[in-house]
C-alpha cells in the first residue's frame, strides 16, 4: 500500500459497508478507534484510519454478519483494547454461539467457549489480503482527479499533490525546471496525464510568483 496509508470515513464506508454512525459508536465505546485524527469527528479529516484499522473494521463487519451482537463486540473490544495493540487486526478470532473468542499470543492459550460447540475461525491473513485488494481499488483515479492539485492533512505532510496520487507538485516542477517536457515527466510518473503535468507546473509557478512578490514587498 505505497500510495494509501490513511483512510477517511468515506473510504472506510466504501470498503467495509459500515456506516459513519457505526464508526462513531465503535470509537466512542472503545471497540475500535482511528489511529489518526484529532478527534473532531465533524471535520473532514477528524477521523482517519490506518490500514490495520481497516483490517480490524472489516473483521468487525464480518463478525456482525455472523450475528455477533454489538454489546458482545463492545465487551470484547474494550477488554482487548486495554491489553493489545490493534487486536482486531492481529488476533485470530472464533465465533461460538454468537460469542467472540480468540487465540492469546501471550500465553499461547486458545480462549474458546464451552466444549462441543462449533467454532467458526476468522483467518486474519485472509481478511488482511482481502482488505488490501479492496483498498487497492482506491488507487484508481477518478475522472474528476485529472488536472487537479489538492492538499490533505494526512497526505505527504500537507504538501500539494496531484489529485488521486501522492505525487508532489514540487517534484514535477523540479523535472520541469531541469528541462523535462510533459512526455518525459509522464515517463517518470506513468499515472499522470498531460493535464496533470500542466496543472502541477501552473500551481508551482503561481507559488513561486507569489513568493517573489512577497520578497519584493519586504
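Observations on the structure shown:
- Förster radius 35 Å - calculated FRET efficiency between residue 145 and residue 96, Cβ distance, rounded to 0.05: 0.15
- Overall form of segment 144-217 per C-alpha gyration tensor (a/c, 1.5; a/b vs b/c): oblate
- Full extension of the chain between residue 195 and residue 21 yields a length gain of 58.8 nm, computed as 0.36 nm times the residue separation minus the alpha carbon distance.
- Gain on full stretching of the segment that runs from residue 78 to residue 183 - 0.36 nm per residue minus C-alpha separation: 32.4 nm
- Over segment 144-217, relative contact order from alpha-carbon pairs under 8 Å, at least 6 apart, %: 31
- From least to most packed, judged by other beta carbons within 10 angstrom and beginning with the fewest, 172, 146, 167 follow the order 146, 167, 172.
- Note on residue 64 and residue 11: the extension gain reaches 17.1 nm, defined as 0.36 nm multiplied by sequence separation minus the Cα-Cα distance.
- Take the Cβ atoms of residue 133 and residue 209, set R0 to 41 Å, and the FRET efficiency comes out at 0.40.
- Highest-first packing order for the peptide set 175-188, 79-92, 52-65 is 52-65, 79-92, 175-188, based on the mean count of other beta carbon atoms within 10 Å.
Read the figures in this text as sums done on the coordinates, not as results from a lab. On a predicted model such as this, the values are computed, not experimentally measured, just so you know. Positions of Cβ are backbone-derived with ideal geometry, glycine not excepted, and every protein chain shown enters the neighbour counts.
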